[in-house]
Every structure is written in C-alpha cells, then in structure tokens.
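The values are calculated or read from the model by the stated rules, or taken from the named source; none is laboratory data. What you see is a predicted model, and the numbers here were worked out from it, not measured in a lab. Note: ideal-geometry Cβ built from the backbone for every residue, glycine included; neighbour counts use all protein chains shown.
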Amino acid sequence: MDQYNRVILKLSGEALAGEQGYGIDPNVIQSIATQIKEIVELGAEVAVVVGGGNIWRGLAGSAEGMDRATADYMGMLATVMNSLALQDSLEDNEVETRVQTSIEMRQVAEPYIRRKAIRHLEKKRVVIFAGGTGNPYFSTDTTAALRAAEIEAEVILMAKNRVDGVYDADPSYDVDAKKYHQLTYLDLLNSSLNVMDSTASTLCMDNNIPLLVFSIMEEGNIKKAVLGEDIGTVIRGKE
C-alpha cells in the first residue's frame, strides 16, 4: 500500500526502559528518536503518545491500596517525564518537536490544543501528547485512540518491545503460539486478546482507525510501518 501521511506512534513506557525494565535507557530512546527522524524525512506528519509504565503504573498503585484517581494522575506525570526525554533526544537529532500536555504545566510544555497540534504537524514538527487524556481511569492506549480521531490520523502504529505482532498466546512461553497478520477490533473484543483495552479498541472501531502492532526492537521497523510494508499485525474496524 501507499505511505501513510499522518500517523500516531504509540510507545509503551516499558519500551523506553529497554533491557533494564525500569527508567529510561538512553540507547533505546536515541534509537527511537533516530527512527522517528527517518519517517519525518519521508514527509510523514508524526504524533507520539508515550506511556509511563517504566516509571509508575497507576493500576499497580491502585492494587496496593492507593486511591485509583491519585495513582492514575501520578501515571500521567510519568508520561510527561518520558515525553520530555523523547523531545530532548529528537531535538538532539535536529527534529523540531513540541510536547503538549492534557494537564497544564506551561513551564515545561504547551497545553493540548487540537488546532495547534494539527498546525504543528502541518509544519512537519513532531508532536508528543503527554499526560494521557487528563482524566483518571483511562489508559494511554485510549489517549492514542482519542488523539488519532481528533487529528484525523490515518493509522496508529503500536510499537512493542517484546513481540512482533498479535499472537493467540504469549510466544515467550508457548512455542506453538500463532501470529495473526490481520484482525478486526471485534476479534480483539471477543477473544480478549491483550493488545489494547476495550475502551481504546471500541474508540478505534467506531472511528474506523486502523492499528498496526509491530516490534520496535528491529531498527528501521517504524519506517517500514509508515511505508505500508507487511510487518506485524494489522487490526481494522471492518473485514
């Protein structure tokens, strides 16, 4: 297929941690920044949503007895830290970047304004959406789906650090796990495949936003994804 022109790249916090499993691995974030630069140079308009699980997971805090809303707000702050780190790496690579947060913190980032975000993208600036949706009880997967609908992105590129697509079982433990090449959002919802939460899946399905799940651990995969090459698993709203 043809190249995608406007994309949302969804990165998990764990992807930034690399092999150490926590915090931010400078080598990993530099690799991601280099790959993003490649797709900017192709002419793609790139927005990024970063998770915060390498620093703090709201659900984990809630499970330990913390108020769920408080735990989720802490997770949103973790995504801001990751976004600033990614911005720094991108600008080291001479890629003009803006961080927009759904929770206002004007000293460190712009507030999220849809029309301003679209204008940045049209000027070929990378826009990083931080702070989740700004509301507790919503994941950064839902943030990616929501922002994709708002900016009319053509696809969500979901970069994974452990798998290269969607499987019917965990390939780390099951050698017979089968990889899917194409699925629908109904398949995700009906089969409880652990790709994104049901709120995000439903939002993508209702707005007919395709999702490509692929591995970020292989250099050049983001470029391949933007060029429409056959990697990972494609999930669509319709057959």
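Looking at region 51-67, can you tell me whether even one residue there is modelled with pLDDT under 95, under 20 Å from residue 203 (Cα atoms) and either surrounded by 22 or more Cβ atoms within 10 Å (Cβ to Cβ) or among the polar types (S, T, N, Q) (or both)?
Yes, region 51-67 contains a residue that is modelled with pLDDT under 95, under 20 Å from residue 203 (Cα atoms) and either surrounded by 22 or more Cβ atoms within 10 Å (Cβ to Cβ) or among the polar types (S, T, N, Q) (or both).
Out of all the residues in region 130-161, which are in contact (Cβ under 8 Å) with a residue 60 or more places away in the chain, in contact with a Ser or Thr (Cβ under 6 Å, 6 or more places away or on another chain) and either crowded, with 23+ Cβ neighbours inside 10 Å or closer than 15 Å to residue 45 by Cβ (or both)?
Within region 130-161, 130, 132, 142, 143 meet the criteria.
What number goes with the only condition from (1) in contact (Cβ under 8 Å) with a residue 40 or more places away in the chain; (2) surrounded by fewer than 21 Cβ atoms within 10 Å (Cβ to Cβ) that residue 127 does not pass?
(2)
Pairs only if they're at least six apart or on different chains, beta carbon under 9 angstrom, first in region 162-173 and under 19 Å from residue 17 (Cα atoms) and loosely packed, with under 12 Cβ neighbours inside 10 Å, second at pLDDT 80 or above and not polar (S, T, N, Q); list them, first residue then second.
That search, which allows pairs on different chains as well, returns 172/163.
Go through (1) surrounded by 14 or more Cβ atoms within 10 Å (Cβ to Cβ); (2) more than 20 Å from the chain's Cα centre (by Cα); (3) in a loop (DSSP other than H, G, I, E, B); (4) not aliphatic (A, V, I, L, M) and name the single condition residue 187 misses.
(3)
Got at least one residue in region 221-237 being surrounded by 14 or more Cβ atoms within 10 Å (Cβ to Cβ), at pLDDT 90 or above and more than 24 Å from residue 46 (Cβ to Cβ)?
No.
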